[in-house]
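This report refers to the structure that appears directly beneath it.
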Amino acid sequence: FKPYVYLTALENGYTPNTVVSGFGAVCGRWSPKNYSGGGGGRMMLKDALAKSINTIAVKVSLDVGREKVMANMVKLGITHLKKTCSLALGDQGMTPLEHTANFAVFASDGIETHAYGIEEIHTLQGELLYSHERDEPARKRIFDSKPIEALNTMLQGVVTNGTGKATQLDYTYNVGKTGTSTAYRDAWFVGFTGQYVAGVWLGNDDFTPMARV
């Protein structure tokens, strides 16, 4: 979920090189923890994403405004989220299809992208009743190119220098973001190359923890 937070920050004056701190990431009586412990210190935004620092993501969401993050999610077609303290950590659940379709917007330079499964419908006589390419409305731009380009550069850093190193491909470049949830219940990777967008989720379908995945 963190890329959605950082995209919102990039739209509101931040750059990948903006130095941010996880200290002061407090919302009511709650404060986030990092996987490796500590408050996250001060680091550039791009490094915070590459290392998936929870405290900095939450602090950025509080500083930029969770309302703005949620407004961007609505642009992506995600309307079920509530303004929680841990919104920046993806606390409310999204499906692999939702994340993959959203990352396709990043891959498409900010052009809206809707998941679909039917390309064409024909009658037995061969008459074309429906064509996705012909009958769906034209895709429109929902994010400016500049913040999307900056975000994609940051997502490349996740793969080259961060938590996503294991996803590097030897035949092309790829970008993306890893994700985990409390008690090892979920493990994610969502990313793309120049041609494909893919989302991978690992977990147990009864919400039980995995063995420290």
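Quick note: the coordinates plus some simple rules give every number you see, no bench work behind them. Since the model is a prediction, treat every value here as computed from it, not as a measurement. So basically every Cβ, Gly included, is an ideal-geometry build from the backbone, and we count neighbours across all protein chains shown.
Brief remarks on what is shown
- Highest average packing first - 42-49, 194-201, Cβ atoms within 10 Å: 42-49, 194-201
- Partners for K83 among aspartates and glutamates (Cα-Cα distance below 18 Å; same-chain residues under 8 apart left out): D63, E67, D91
- Dipole magnitude for the chain: about 1220 debye, using +1 per Lys or Arg Cβ and -1 per Asp or Glu Cβ, origin at the Cα centre.
- Counting only lysines at least 8 places from K51 when in the same chain, those with an alpha carbon closer than 21 Å to its own are K2, K33, K59, K165, K177.
- Size check on the stretch 61-163: the Cα extents along the three principal axes, sorted descending, read 59, 31, 25 Å.
- The stretch 4-56 - Kirkwood radius from inverse mean 1/r over Cα pairs (Å): 11.4 Å
- Between S131 and N17, the contour length at 0.36 nm per residue exceeds the Cα-Cα span by 36.6 nm.
- In nm, spacing of pseudo-spin labels at S145 and Q168 (7 Å Cα→C-beta vector): 3.0 nm
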